[in-house]
């Protein structure tokens, strides 16, 4: 059975959740405002006057446009709730109740509903009623580093808020679990995730370490010479991680560090991160500086040593490896080609595979975005959806 999802949410978290569900086969209907949609279509940056985030977040969905102040609103809410397996709401509980899309109200229309509420800061506590924007929740979660420029506090230049996206991902996981529970006869389910908790829990290593030791989790730059970045001859950067003995010995052979360096290490705990103050880091750097980045990657990878070129995302997304894994999908929107990231998750029925060999499995994963449909125009499917849920078009007075 294809899960049917009615998405009343706006901006990032709820649409990200419904996009994940759509990628996994759900039928998603967005109930959005007739003038501004869910907020993503009218928000910059733009591609031909359309918000580029709309092109990603709402691809695969259908759009039903209706003003919550219209007389038709209660009837649409009732009908879409009866139609849906899942309803996603991304508003404060008091606002959801005012609009008649709170959990209690919708259960009167569908006693087996999976209801997902995405809040900014949670349902209780002193911050619960704060107005929410993406970076606010990250800031309250301790996730935003502060950089100072001319006595002015600023977020790092390349910082991207984490809570908004993670809340959407967590919501999708919760919804899938709730559907399983409902289908096992446990009735309606209430799923809640807050953006603040999502941003905080993403830092689970820091939280767990500090809660139990009173110390922060270590920084990657402090791990040592054997888990470190190095500058190559062409100013490219590589990250090497030969912390296990067999990897370290192979690493020494490839870069020519010699027998003394090869025998160096304490493997009592299975790993040795090296040292940054014993000269080893400088010794490794001198060797890495003799060849270009990609040559070191080729040599070390051939020796099965953990190594990676340190790329920026434009280089990564345009790589042959990205194409081999179907990272991006192209669809047609308003007579132009639009490229959007594809879900990293693929689910394929065994019956749809020619065989179970790696080639068939990788081909199925690569084609996971083949059926992705374009992001809808606001209200593009209103008449179609109204008919589907048993209502007449809004302008039909008969």
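The values are calculated or read from the model by the stated rules, or taken from the named source; none is laboratory data. Keep in mind that what you see is a predicted model, and the values were worked out from it rather than measured. Cβ: placed from backbone, ideal geometry, glycine included. Neighbour counts: every protein chain shown.
Below are the figures for this structure:
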item	result
Cross-chain or 6+ apart pairs with Cβ under 9 Å, the range 80-108 first and at positive phi, then surrounded by fewer than 21 Cβ atoms within 10 Å (Cβ to Cβ)	100/68; 100/73; 100/74; 100/78
Test for residue 142: is it assigned by TED's automatic domain parsing to the domain that holds residue 14, under 27 Å from the mean Cα position of the chain (by Cα), exposed (fewer than 13 other Cβ atoms within 10 Å of the Cβ) and under 21 Å from residue 200 (Cβ atoms)	yes
Matching residues, the range 145-177, being crowded, with 19+ Cβ neighbours inside 10 Å and more than 20 Å from the chain's Cα centre (by Cα)	none
Any hit, the range 355-372, residues being under 30 Å from residue 70 (Cα atoms) and either surrounded by 11 or more Cβ atoms within 10 Å (Cβ to Cβ) or within 29 Å of the chain's Cα centre (by Cα) (or both)	no
From 194, 228, 263, residue being surrounded by 12 or more Cβ atoms within 10 Å (Cβ to Cβ) and not assigned by TED's automatic domain parsing to the domain that holds residue 131	228
Verdict on residue 28 being more than 12 Å from residue 378 (Cα to Cα), in contact (Cβ under 8 Å) with a residue 60 or more places away in the chain and not in a helix (DSSP H, G or I)	no
Where residue 390 falls short, out of the listed (1) over 19 Å from the mean Cα position of the chain (by Cα); (2) at pLDDT 95 or above; (3) under 30 Å from residue 46 (Cβ atoms)	(3)
Meets criteria (touching a helix residue (DSSP H, G or I) at 6+ places or on another chain (Cβ under 8 Å) and either outside any strand (DSSP E or B) or at pLDDT 95 or above (or both)) for residue 261	yes
Those helices (runs of 4 or more DSSP H) lying entirely in the range 286-371 with at least 1 residues more than 30 Å from residue 226 (Cα to Cα) and at pLDDT 95 or above	320-324, 358-366
Single condition residue 234 does not satisfy, out of (1) modelled with pLDDT of 95 or more; (2) farther than 15 Å from residue 143 by Cβ; (3) not assigned by TED's automatic domain parsing to the domain that holds residue 275	(3)
Residues of the range 178-200 that turn out to be part of a helix (DSSP H, G or I) and touching a residue at least 12 places away in the same chain (Cβ under 8 Å), as a count	9
Answer residue from the range 127-156, given it is in contact (Cβ under 8 Å) with a residue 24 or more places away in the chain and part of a loop (DSSP other than H, G, I, E, B) and is farthest from residue 11 (Cα to Cα) among those	142
Scan of the range 204-224 for residues that are outside any helix (DSSP H, G or I) and modelled with pLDDT under 95, ordered by number	215, 216, 217, 218, 219, 223, 224
Residue within the range 237-250 that is in contact with a helix residue (DSSP H, G or I) (Cβ under 9 Å, 6 or more places away or on another chain) and surrounded by fewer than 14 Cβ atoms within 10 Å (Cβ to Cβ) present	no
Those residues of the range 31-56 which are more than 22 Å from residue 342 (Cβ to Cβ), part of a loop (DSSP other than H, G, I, E, B), free of Cβ contacts under 8 Å to residues at least 60 places away in the same chain and touching a strand residue (DSSP E or B) at 6+ places or on another chain (Cβ under 7 Å), in sequence order	42, 43, 44
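Results for (1) surrounded by fewer than 23 Cβ atoms within 10 Å (Cβ to Cβ); (2) part of a loop (DSSP other than H, G, I, E, B); (3) out of contact with any strand residue (DSSP E or B) (no Cβ under 8 Å at 6 or more places or on another chain), shown as yes or no for each residue.
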residue	(1), (2), (3)
67	yes, yes, no
109	yes, yes, yes
115	no, no, no
122	yes, yes, no
125	yes, yes, yes
